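Report on the following structure.
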Amino acid sequence: MPGAGFHSVPHFSRGRGQQVNGIVIHQFAGGTVAAVQNWLRNPASRVSYHFGVGRNGEIRQWVDTADTAWATGPVNGRTIAIGHEATNQPLTEAQLNATARIIRWARGAHRQIPAGRNGLSGHRNWMQTNCPGDPIMRQLDELQRRSTGATPAPPPPPPPPAAPPRMEPTMLIDFGSGEVLIGLPNGARAARLASGGPLRVEWSYPRRPGGPGAPRTTWDASQSPIDRARTDASVPSDQFGLLRLRRISGAAPCYLTWIF
Ligand SMILES: [Zn+2]
């Protein structure tokens, strides 16, 4: 393949017994391309790949694709073997791009290799082996995509911003010694109180000094169930930004919800 450094290794068969019609992906599981090359040259190895791809995207060609590499047992005669520097890790970006380049070139040189995804397989699709690891098996679709130059589907547009909440979460009022001051949230139109049992509460909005006296409203929940024991109070414009609540009688829990 043009652009790939060719480094001959001894173990392969001259020619092809069959039409080349597939590409098989392998992982080296532990070795760098340089170390694997040393092993392929060892008389004891009896193994070879057409290509090896390093983590950095370096491509080494070890066997001409017109010849048969010894990598994938029963389908050696009709496949091209590409080994990868990886140990049950995913291929790097550089490896994905380099291998996609090999696949693209191989389809041009061997026209019987299907253009579709079924032209690609993993070693483990043919034999009892853990080669390649799951992360690489999951990348075969991505290799196919890159090898055909197809662009991925554009990401969906971001969802429209959520409508501002109409209410804040209801909170339980702790009266403490009997009176509590609560800061008014920005834009609150009213406060809604609810209680499930006997409770009398006085509420008012403290006014600025010199302004009219703070009107006080008494709310009696003693006879009302929680879903009906509700009173809204408009927030006056000249208040301090506080709501004052005072328990007059009763010990039932009191819930407050701001309305915007
Ligand atoms: Zn393998």
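Looking at the range 104-223, what strands (runs of 3 or more DSSP E) fall wholly within it and have at least 1 residues that are at pLDDT 75 or above and under 30 Å from GLN18 (Cα atoms)?
Result: 120-122.
Of the residues ASN56, ASN88, only one is modelled with pLDDT of 95 or more, under 34 Å from the mean Cα position of the chain (by Cα) and either surrounded by fewer than 23 Cβ atoms within 10 Å (Cβ to Cβ) or away from the ligand (no atom under 16 Å from the Cβ) (or both); which?
Residue meeting the stated conditions: ASN56.
Of everything in the range 21-49 that's over 23 Å from GLN95 (Cα atoms) and not charged (D, E, K, R), which residue is nearest to the chain's Cα centre (by Cα)?
SER45
Assess whether TRP62 counts as being away from the ligand (no atom under 16 Å from the Cβ) and of a type in the set (Phe, Trp, Tyr).
No, not satisfied.
Just the residues that are surrounded by 17 or more Cβ atoms within 10 Å (Cβ to Cβ), in a loop (DSSP other than H, G, I, E, B) and not polar (S, T, N, Q), please, taken from the range 12-28.
VAL20, HIS26, PHE28
The values are calculated or read from the model by the stated rules, or taken from the named source; none is laboratory data. Please read all numbers here as calculations on a predicted model, not as lab measurements. So basically every Cβ, Gly included, is an ideal-geometry build from the backbone, and we count neighbours across all protein chains shown.
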